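Right, one structure below, let's go through it.
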Amino acid sequence: MTNSSIIRISNLSKKYGSKEVLRVTEAAVRRGYITGIIGPSGAGKSTLLRILNMLEPPSKGEVFYYGRKVPAAKADVLALRRKMTMVFQKSVLLEMSVYDNLAYGLRARKLPRAEIEKRVNTILETIGLSGQSKQRANTLSGGEAQRLAFARAVVLQPEILFLDEPTANLDPANVELLERLLVQLNKDCGTTVLVVTHNLFQAQRLAHETIFFYQGELVEAGATEQIFTAPRCQQTDAFVRGRMIY
Ligand SMILES: Nc1ncnc2c1ncn2[C@@H]1O[C@H](COP(=O)(O)OP(=O)(O)OP(=O)(O)O)[C@@H](O)[C@H]1O
Ligand SMILES: [Mg+2]
């Protein structure tokens, strides 16, 4: 693997009970790239993101970050985790105001108050929730909550951002808004993004590279254009053409 791999996976396996739900012999995520993860429901996409975000350990195998194995010391693990943020398939918000949801992580990182205010107000403006900053997060509409969950991750300016179907329940205008924000973040900050999506058009719009999973197995990975126009595996071909039988 090249030096440009920010994450590298080697002989990874995840089992729940005796059922193996994920198997990846070898994979790498390039630094500064947007990588799309596609595949049918139950293919193991969310499981992979949870492992990479260190929310769950793999049953077997290794993940290397920045070319190094996960550190043993607790303080180093914490430092590594702070470089990564995840937006879940079902948005998780705190039982507090919109503003506080956004400020929470920044306060935990002990950023100066003025910096927190600046960042929060900027992102509120971008996601169109400026007028609702005092509203309780649990009273937001589905789409608003999803935008807020996304913004909570972005405001932290992570080096690696994991997104699990970030736009699944949004209307087209908001999908476009979040996609623009994501591309801008990737360009301006060089953020590495891993995005799971069921929307194949979205994968093609956003991702530089795409990984296809099927029944827990990494079937094929490559440049997005290659995956969609000249896939090497028959299963990938069937999936990207919408011909896969589930
Ligand atoms: N905690 C768990 N215990 C038992 N089985 C699990 C657990 N988490 C996930 N699984 C199983 O692992 C498989 C992969 O699940 P995962 O959520 O990773 O799929 P996915 O590709 O994200 O699917 P979707 O597109 O529907 O979100 C599924 O069969 C799921 O039921
Ligand atoms: Mg999932």
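The values are calculated or read from the model by the stated rules, or taken from the named source; none is laboratory data. Predicted model, so just to flag it, every value in this text is computed and none were measured. Cβ atoms come from the backbone with ideal geometry, glycine included; neighbour counts cover every protein chain shown. Areas reflect the complete protein model, heavy atoms only, side chains present, ligands, DNA and RNA absent. Shrake-Rupley method; radii C 1.70, N 1.55, O 1.52, S 1.80 Å.
Quick notes on this one:
- Taking the criterion of being over 16 Å from residue 51 (Cβ atoms) and either small (Gly, Ala, Ser) or open to solvent by 10 Å² or more (accessible area, probe 1.4 Å) (or both), the residues of region 17-37 that qualify are 17, 18, 30, 31, 32, 33, 36.
- Counting only strands (runs of 3 or more DSSP E) wholly contained in region 182-246, the ones carrying 3 or more residues that are away from ligand 2 (no atom under 16 Å from the Cβ) and of a type in the set (A, V, I, L, M) occupy 217-223.
- Residue in region 196-214 that is in contact with a Cys (Cβ under 7 Å, 6 or more places away or on another chain) and open to solvent by less than 40 Å² (accessible area, probe 1.4 Å) present: no
- Residue match in region 144-153 (condition: closer than 27 Å to residue 80 by Cβ and open to solvent by 80 Å² or more (accessible area, probe 1.4 Å)): no
Here's the yes/no breakdown for (1) closer than 14 Å to residue 40 by Cα; (2) in contact (Cβ under 8 Å) with a residue 24 or more places away in the chain:
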{"residue": "186", "(1), (2)": "no, yes"}
{"residue": "192", "(1), (2)": "no, yes"}
{"residue": "202", "(1), (2)": "no, yes"}
{"residue": "206", "(1), (2)": "no, yes"}
{"residue": "215", "(1), (2)": "yes, yes"}
{"residue": "220", "(1), (2)": "yes, no"}
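- Test: residue in region 40-59 that is away from ligand 1 (no atom under 13 Å from the Cβ) and either of a type in the set (Phe, Trp, Tyr) or open to solvent by less than 30 Å² (accessible area, probe 1.4 Å) (or both): no
- Only one of the numbered conditions (1) over 14 Å from the mean Cα position of the chain (by Cα); (2) assigned to a loop (DSSP other than H, G, I, E, B); (3) within 25 Å of residue 183 (Cβ to Cβ) is not met by residue 27, and that is (2).
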